[in-house]
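Written below as structure tokens is the structure these notes are about.
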Amino acid sequence: MKRRIILLITALIISINVNAQLDRSIQPKGGPTPKIKLEKPQEFKLKNGIKVLIVENHKLPRVAYSLSIDNNPIIEGDKAGVTSLLGSILGNGTTTIPKDEFNEEIDFLGASLNIGFSGGFASTLSKNNERVVDLMTDAVINPLLSEEEFNKEKDKLIEALKADKKSLDAIASRVGSALSYGKNHAYGEFITEETLNNITFEDVLEYHEKYFKPNNSYLVVIGDVNYKEIKSLISEKFGAWKKGKSHTDPLPELTANVNLTEINFIDLPTATQSSISVTNNVDLKMNDEDYHAALITNNILGGGGEGYLFKNLREDKGYTYGAYSSLGSSRYGVSRFTAGAKVRNVVTDSAVVEIIKEINRIKTENVDAELLKNAKAKYVGNFIRRIENPQVSAKYAVDIKLNDLPKDFYETYLEKINAVSAEDVKRVANKYFNYPNGTRIIVVGKGSDVADNLTENVGWPVTYFDHYANSIAKPVFNKAIPDGLTANQVMNNYINAIGGKDLLESVNTLVQKADMVVPPGSPFKPQAITMQKLPNKYTFKIEASMPGQSMANSSMGRGGRRGPGSGGMRPASNPSMSGNKMTLMKSSFDGEAGYIEQQGQRKAMDEKEIDRAKAVKGIFEELYYSEDEIELISINSIDFKDAYKVKITEGEKVSYRYYSVDSGLLLSVEEQDDNNNIVSTNYSDYRDVNGIKFPFNTEIPSQKLELNMTEILINEELKDSDF
């Protein structure tokens, strides 16, 4: 009865429906374009170099502070990650106030305060303004940079890298930037475990001394303040920040695009979908005359649900949940255009063709007048909502300075948006969307499923790269099956590899416990527990210790199973309690009937769920498959290891299992969850327990979920009440 467990723990979504007495048959008339009036900031400069911009706004009794440290992009080289580590330990207390006391006072004041490598932000009620400025300047001028915090943050970042090792999104982002800009470019380098291990605490202190200083900083104050009073306060507090030695890194340069369009493929054998990115580098600045037209052009192509890409790939073809594009700009004229989506493996080549089709469409056809009008209206609405945010208003004020923009840039913003014509859209698309020349089509996916189709059906040369943007030869995705080898033999090899048929058949009950790896800072320490008893009784539950309380070790591995109907469960909002633990989720079946418990409520299994539970084959399922249910498909690569791919057909349900060619052990399982999504579950770190090998690590990359085995009990006495 070995069926791997897929755990989908999602946040509870609360929907609020508001009904109003409206005649919905009448479309409301649009009003005139609103006039944007951003208050002109009053400015002054401190002796240490800080440029201060103050905007008085007395509508609400709140004040917001935004500090921006204007450093050129930094190439960190073999110590990539040093600025990330520095940023993570800034704002954690000061040399005069311990970390916990500092954070508690911020909470007590009802304020927010964040400090990072590039500056910081604070927001407070007017009555607490002076104290919050005290705390902000203390955090900026006297940060508590301790080696203990450095080591903690370094360990966290290393663990995050390990968690992202097989993440489709992480690989696509890393390789996409590295290929577009180059690995030695400020925008193309990436953090690895190796570069993190090169970083010392002294490096962090050196970077803080070199880059975190007032010389080239901007402080924007917006809110319920009096100019003279706040100028005096800022001069006193921020004026104490000592000016450092001036230093400027070289400006980043625009990397040349490829001469001819090419497909760059990165194999991720565990991927259940492909990440596609059609991209080229662009030179676009905010003060360019094309800027506003570029915004609308990108919006029409892939800015959202009304974009060409979305309507084609999602609404028409059903290839993906969403398809989008972005057209970046920077003060240095170094950025990228990207159009793409994440799609099912089987339609990867078709999706590439459709993305290219829509890029060609916007370059050759005039956009529909109504669509252009709606795109502008949507952009205008979003812009108006954004400027209500103090942080955004502060950013706009600094943008004018850093990007050499006219002082009325944002006041005339909507006017320029509304002036964009269909001819402008076509012109800008041809200028900044390079296809068919000089474009990279970067695809990360399962090579055995998609690589050959890309070569045959898309028509551009395919080059291959590893997960760190190193060029490699084309991998061998599907190897020939040895003559005479059958799926039944592969199953028998697996059974022998983990302990043998006789020993597996002697197992009547199995209890497995697993610690679940959760994001740093989570208040809970969850564990998953599976109890099984022949022929098909089981209980599966997720428990969590209450904040501040200890938790027993636990683990669950491949030998467990996912209870019928448990897919997509959410954490219980009113969970049941057991000792100092609470049950977030539970599914149980006693051989005849069962229930599912979530959000504090218990629901009996329906007839379909009961039939599924009764159909389960024992504890170790490989013992029970008939020859008609299994088929040897091919030899594929799983985590760069050769594996036999075996198709399992159980009624209408089809899954695929991958067994190591060398060891015979199960490496991965692919099957559909209850929402018809293909989910991969990977198994590793096999260890011997009473003569039987179990995987002590279970990973579901698509959910960024990992379980580490801590206890396995074989033939433990289980009561009927356990189910």
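The values are calculated or read from the model by the stated rules, or taken from the named source; none is laboratory data. Being a predicted model, the structure only gives us computed values, none of them experimental. Here the Cβ positions follow ideal geometry from the backbone for every residue, glycine too, while neighbour counts run over all protein chains shown.
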Filtered residue count, the range 146-166, keeping only those that are crowded, with 19+ Cβ neighbours inside 10 Å and not in a helix (DSSP H, G or I): 1
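Each row is one residue, and each column tells you yes or no for (1) of a type in the set (A, V, I, L, M, F, W, C); (2) in contact with a His (Cβ under 7 Å, 6 or more places away or on another chain); (3) closer than 26 Å to H58 by Cα.
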position: I199; (1), (2), (3): yes, no, no
position: L205; (1), (2), (3): yes, no, no
position: K210; (1), (2), (3): no, yes, no
position: N216; (1), (2), (3): no, no, no
position: G223; (1), (2), (3): no, no, yes
position: Y227; (1), (2), (3): no, no, yes
position: K231; (1), (2), (3): no, no, yes
position: E236; (1), (2), (3): no, no, yes
Name the strands (runs of 3 or more DSSP E) wholly inside the range 614-690 in which the number of residues that are among the β-branched types (V, I, T) and more than 30 Å from I266 (Cα to Cα) is 3 or more. none
Boolean, D662 is out of contact with any Cys (no Cβ under 8 Å at 6 or more places or on another chain), of a type in the set (D, E) and over 18 Å from F540 (Cα atoms): yes
Residue in the range 354-364 that is surrounded by the most Cβ atoms within 10 Å (Cβ to Cβ), counting only those that are farther than 16 Å from V458 by Cβ and of a type outside the set (K, R): I362
Among the residues of the range 449-504, which ones are under 30 Å from P695 (Cα atoms), in contact with a Phe, Trp or Tyr (Cβ under 7 Å, 6 or more places away or on another chain) and among the aliphatic types (A, V, I, L, M)? V490, M491, L504
Could you check the range 270-356 for strands (runs of 3 or more DSSP E) lying wholly inside it with 1 or more residues that are aromatic (F, W, Y) and touching a strand residue (DSSP E or B) at 6+ places or on another chain (Cβ under 8 Å)? 323-327, 335-344
Pairs with Cβ under 7 Å, 6+ apart, first in the range 667-696 and in the same structural domain as I495 (by TED's automatic domain parsing), second at pLDDT 90 or above and among the acidic types (D, E): P695/D685; F696/D685
Filter the range 406-441 for residues that are aliphatic (A, V, I, L, M) and over 33 Å from the mean Cα position of the chain (by Cα); the one that is surrounded by the fewest Cβ atoms within 10 Å (Cβ to Cβ) is A419
Yes/no for N72 being closer than 30 Å to D404 by Cβ and either in a helix (DSSP H, G or I) or assigned by TED's automatic domain parsing to the domain that holds T137 (or both): yes
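Yes or no, residue by residue, for (1) buried (at least 24 other Cβ atoms within 10 Å of the Cβ); (2) not hydroxyl-bearing (S, T, Y):
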site: T270; (1), (2): no, no
site: D288; (1), (2): no, yes
site: L309; (1), (2): yes, yes
site: N312; (1), (2): no, yes
site: G318; (1), (2): no, yes
site: A341; (1), (2): yes, yes
site: T348; (1), (2): yes, no
site: V352; (1), (2): yes, yes
Take the range 700-723 and flag every residue that is farther than 16 Å from M531 by Cα and in a loop (DSSP other than H, G, I, E, B). K704
Note on N470: of the conditions (1) modelled with pLDDT of 95 or more; (2) farther than 30 Å from V661 by Cβ, unmet is (2)
Just checking, which of N374, N345 is among the polar types (S, T, N, Q) and under 25 Å from the mean Cα position of the chain (by Cα)? N345
Of all residues in the range 254-296, count the ones that are hydroxyl-bearing (S, T, Y) and over 28 Å from H185 (Cα atoms). 2
Given the criterion touching an Asp or Glu at 6+ places or on another chain (Cβ under 8 Å) and crowded, with 20+ Cβ neighbours inside 10 Å, identify the matching residue among V646, V654. V646
Unique match (being hydroxyl-bearing (S, T, Y) and either touching a Cys at 6+ places or on another chain (Cβ under 6 Å) or surrounded by fewer than 19 Cβ atoms within 10 Å (Cβ to Cβ) (or both)) among S68, S88, S118, S123: S118
Out of the residues in the range 386-406 that are modelled with pLDDT under 90 and part of a loop (DSSP other than H, G, I, E, B), which is nearest to L284 (Cα to Cα)? I387
Does the range 201-208 contain any residue that is touching a Leu at 6+ places or on another chain (Cβ under 6 Å) and either of a type in the set (A, V, I, L, M, F, W, C) or buried (at least 21 other Cβ atoms within 10 Å of the Cβ) (or both)? yes
Given the conditions (1) of a type outside the set (A, V, I, L, M, F, W, C); (2) under 21 Å from T439 (Cα atoms); (3) at pLDDT 95 or above; (4) surrounded by 17 or more Cβ atoms within 10 Å (Cβ to Cβ), every one holds for H292 apart from (2)
Testing L251 on (1) assigned by TED's automatic domain parsing to the domain that holds I75; (2) loosely packed, with under 13 Cβ neighbours inside 10 Å; (3) out of contact with any strand residue (DSSP E or B) (no Cβ under 8 Å at 6 or more places or on another chain); (4) touching a residue at least 60 places away in the same chain (Cβ under 8 Å), one condition comes back false. Which one is that? (1)
Output the residues belonging to the range 98-125 that are in contact with a strand residue (DSSP E or B) (Cβ under 7 Å, 6 or more places away or on another chain) and part of a loop (DSSP other than H, G, I, E, B). L109, G110, A111, S118
Across the range 438-489, the tally of residues that are part of a strand (DSSP E or B) and over 28 Å from G188 (Cα atoms) stands at 1
